Amino acid sequence: MGTTSATGGASLPRTTPAPLRTYGRDESKPSFADLAADATSSAFHLELHDWHLTDDPRFLAWKEGRPQPSVPVGTAFQDAVRGAVERGVVVRRVRIVSEPVSDYVRWEHSITAAHNIAAGEDVRWLPRSMSSTLALPGNPFWIFDGRVVRFSVFDGAGNVVGHQLSDDPRVTALCSSAFEAAWDLAVPHEDYTLD
């Protein structure tokens with residue numbers, strides 16, 4: 001457990017306010033596909049970052065004006081979403097983004113119809129300036145059936161360094177409320193245009 005400096009040079013333990021199971025980057029953990037396969041009613045994703053996986057071959061190809069290559073992780077994600085949707089699971093995503101948007105978000109926007117919506121997701125966009133009064137968790141998350149949350153933990157460069165999972169009712173209530181509040185304000189993908 002890490003420590004934080006306190007007044008007078010003493011250290012206090014850093015703890016999370018509710019039980020979380022933290023997994024490192026290379027540690028075995030429930031995958032998105034596993035959690036989506038177990039979902040029976042809903043899988044909701046709230047994104048909070050402007051940069052993520054900037055070494056993704058699809059992003060790099062887009063930056064260079066090349067066609068999008070097929071990437072196994074992208075195909076696996078689409079298969080998991082399609083499978084969930086075919087079972088009647090509602091899959092929704094809100095992307096909270098700074099404006100003007102980053103190149104990464106511009107790329108995400110360009111592939112959303114073919115990647116996310118084609119797989120069965122409903123996607124909306126929320127300008128960060130419209131989210132100031134929302135109570136949001138500190139990390140992006142997926143919430144499955146309103147009962148289990150999977151947070152992604154990023155480093156400063158936008159790389160995923162680990163995940164945290166929780167089924168604590170306080171955490172699931174916070175995330176459900178945050179997602180629905182953001183969803184209500186967000187703009188459907190087909191109506192969200194970039195300058």
Legend entry - Extreme residue, modelled with the lowest pLDDT, among residues of the range 69-112 that are under 17 Å from LEU46 (Cβ atoms) and among the charged types (D, E, K, R): GLU108
Inset, instruction - Please work out if LEU60 is surrounded by 16 or more Cβ atoms within 10 Å (Cβ to Cβ), more than 26 Å from SER131 (Cα to Cα), at pLDDT 85 or above and of a type outside the set (Lys, Arg). - result: no
Inset, instruction - Determine if the range 144-166 includes at least one residue that is over 27 Å from ARG66 (Cα atoms), at pLDDT below 95, in contact with a Lys or Arg (Cβ under 7 Å, 6 or more places away or on another chain) and not in a strand (DSSP E or B). - result: no
Inset, instruction - State which residue is farthest from SER42 (Cα to Cα) when the search covers only the range 173-192 and only residues that are part of a helix (DSSP H, G or I) and among the hydroxyl-bearing types (Ser, Thr, Tyr). - result: SER177
Inset, instruction - Only one of these is open to solvent by 30 Å² or more (accessible area, probe 1.4 Å) and among the hydroxyl-bearing types (Ser, Thr, Tyr): SER176, SER131, SER152, SER166. Name it. - result: SER176
Inset, instruction - Within the range 125-141, identify whether any single residue is out of contact with any Asp or Glu (no Cβ under 8 Å at 6 or more places or on another chain), under 20 Å from ALA33 (Cβ atoms) and not in a loop (DSSP other than H, G, I, E, B), and answer yes or no. - result: yes
Inset, instruction - Select from the range 66-89 the residues that are under 18 Å from ASP122 (Cβ atoms) and basic (Lys, Arg) and write down the one among them that is surrounded by the most Cβ atoms within 10 Å (Cβ to Cβ). - result: ARG82
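The values are calculated or read from the model by the stated rules, or taken from the named source; none is laboratory data. Keep in mind the model is a prediction, meaning the values are calculated, not measured. Positions of Cβ are backbone-derived with ideal geometry, glycine not excepted, and every protein chain shown enters the neighbour counts. Heads up: the accessible areas ignore ligands, DNA and RNA and are worked out on the full protein's heavy atoms, side chains in. Shrake-Rupley method; radii C 1.70, N 1.55, O 1.52, S 1.80 Å.
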